[in-house]
């Protein structure tokens, strides 16, 4: 019935939506930032535990659509163990991939995140995928203000 | 089933023949905006082709012709809502501008620090924010009449809010997020018994039922053309003549003046006092054409047909496990807001779109309503006179399919 959506709603996305990874609070986090998409009401709180310049642990709480939940779930998995600079670089690559700017992006460079590449065909849903990463960007810049996609 | 000529009506709306993602369009986002019949599209393009000039200005033939068509549309609106005079029909950009106009003219002239304005818990942002702005400017206080979990106004609580500090009741006639139709006649009579004027936000109600402003006895009634099968960018403020005459102008400029010197200007009479500058002439003509078109069928027949659509959709939706209808008022217009367990409204919206079905997913510009129900958003199917029972079936099939896909 939904053949046209196979690129957008891949099984990995359904899986992360059903069973989000790192869906918990980190006690005494080094960074804690809220992200909000006022257009759809998606809200998440991202927690980071830092070890020097490296992300030791990442987790989140909140509610959103399958795309945003899968995106933040995948993100918390992939950024663990990355340095701040590596995470920022990943954010840029991910952003280019989802907004269609990076036609030449090697999907291997983003690993599992490649499952979210399909949103580029759905402009109304790009912010669902990028909310988590904008929130991470704010956290890495040590901002404590809630961020909004609008 | 009534003999409502839905297939004839569908043939009048060219966009309904569009394919979306290779599927026939099922347009169920009518509460956001309605599609336009050929009668409206042609009226606008013919007006630009044959009759267009600025109005109320020149003596030349086209200006006279354009003015006649523009003012004829005002007469059509007057008759459509049964206003006492066409002087009571003010053309604005939409319902939102009309509410802002009332707040910034009537409100500023009559509402002071400590005064109270009453709205309800089910208002659209356009009937909340203009009053909050007025309250910030004046020190007045906004009071909110609560609703129950069905989305019905709690009438005794509304009654208890009215007191000698209340200066205005501004209430939605039909809720865009829930479909609730408020008992406005009773509310108006009660407010008037205490000397309080009432403004109705009719943006949702106007395309779905006959509205008679004199029978209602409302003091102001606002609506948008685009939800009435007319063009976007045009709307109407109805106000009782005596109130409008006492109000200061909204914007200054051409067309709203009688005389201008550098020392002082005097203002034009109604309705022009509130229509500064060159108005949206062609879309006023288009709105007139929409009203003519609706009069072919009659608002009562439209209301009856849409009630059948809603009843059928509600009955079907209630069969779906995991579906919760948001807004179950006894008095309700053609809006089916719902949530599905564990499936976000935006996912519902995208998945239905892939089947050619257009619904709204989001907060419907009614964030306080979402907060009341403890949801970030809902999915909303909203019906118009051109929708069919078969389209309801397509919607329900899509919902069942996506529940299965999500597992």
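At-a-glance table
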| read-out | value |
| --- | --- |
| Tally, over the stretch A:53-64, of residues that are in a loop (DSSP other than H, G, I, E, B), away from chain B (no Cβ under 14 Å) and buried (at least 17 other Cβ atoms within 10 Å of the Cβ) | 0 |
| Check on residue A:67, more than 14 Å from chain B (Cβ to nearest Cβ), surrounded by 15 or more Cβ atoms within 10 Å (Cβ to Cβ) and part of a helix (DSSP H, G or I) | no |
| Selection within the stretch B:351-390 - buried (at least 22 other Cβ atoms within 10 Å of the Cβ), away from chain A (no Cβ under 11 Å) and either free of Cβ contacts under 8 Å to residues at least 12 places away in the same chain or in a helix (DSSP H, G or I) (or both) | B:369 |
| Failed item, numbered, when residue B:330 is tested on (1) within 14 Å of chain A (Cβ to nearest Cβ); (2) within 30 Å of residue B:120 (Cα to Cα); (3) out of contact with any helix residue (DSSP H, G or I) (no Cβ under 6 Å at 6 or more places or on another chain); (4) at pLDDT 95 or above | (1) |
| Lone unmet requirement of (1) in a helix (DSSP H, G or I); (2) touching a strand residue (DSSP E or B) at 6+ places or on another chain (Cβ under 9 Å); (3) under 24 Å from residue B:406 (Cα atoms) for residue A:112 | (2) |
| Answer from B:106, B:48 - the residue that is surrounded by fewer than 14 Cβ atoms within 10 Å (Cβ to Cβ), touching a helix residue (DSSP H, G or I) at 6+ places or on another chain (Cβ under 7 Å) and assigned to a helix (DSSP H, G or I) | B:48 |
| Residue B:244 vs. criteria closer than 30 Å to residue B:36 by Cβ and touching a residue at least 12 places away in the same chain (Cβ under 8 Å) | yes |
| Residue ID - surrounded by the most Cβ atoms within 10 Å (Cβ to Cβ), chosen from residues in the stretch A:21-52 that are within 12 Å of another protein chain (Cβ to nearest Cβ) and closer than 26 Å to residue A:86 by Cα | A:37 |
| Residue check for residue A:90: touching a helix residue (DSSP H, G or I) at 6+ places or on another chain (Cβ under 8 Å) and either within 14 Å of chain B (Cβ to nearest Cβ) or under 19 Å from residue A:29 (Cβ atoms) (or both) | no |
| Matching entry among B:156, B:130 (being surrounded by fewer than 23 Cβ atoms within 10 Å (Cβ to Cβ) and farther than 14 Å from residue B:102 by Cβ) | B:156 |
| Criterion violated by residue B:329 - all others in (1) surrounded by fewer than 19 Cβ atoms within 10 Å (Cβ to Cβ); (2) part of a loop (DSSP other than H, G, I, E, B); (3) in contact with a strand residue (DSSP E or B) (Cβ under 6 Å, 6 or more places away or on another chain) satisfied | (1) |
| Options B:348, B:320, B:302, B:335; residue that is touching a helix residue (DSSP H, G or I) at 6+ places or on another chain (Cβ under 8 Å), touching a residue at least 12 places away in the same chain (Cβ under 8 Å) and within 14 Å of another protein chain (Cβ to nearest Cβ) | B:348 |
| Strands (runs of 3 or more DSSP E) enclosed by the stretch B:208-288 - at least 3 residues per element that are over 16 Å from the mean Cα position of the chain (by Cα) and more than 22 Å from residue B:53 (Cα to Cα) | B:265-267 |
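Let's see how each residue does on (1) under 15 Å from residue B:119 (Cβ atoms); (2) surrounded by fewer than 24 Cβ atoms within 10 Å (Cβ to Cβ); (3) at pLDDT 95 or above; (4) touching a strand residue (DSSP E or B) at 6+ places or on another chain (Cβ under 6 Å):
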residue	(1), (2), (3), (4)
B:173	yes, no, yes, yes
B:187	yes, no, yes, no
B:195	no, yes, yes, no
B:203	yes, no, yes, yes
B:221	no, no, yes, yes
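The values are calculated or read from the model by the stated rules, or taken from the named source; none is laboratory data. Quick caveat: nothing in here was measured; it's all calculated off a predicted structure. So basically every Cβ, Gly included, is an ideal-geometry build from the backbone, and we count neighbours across all protein chains shown.
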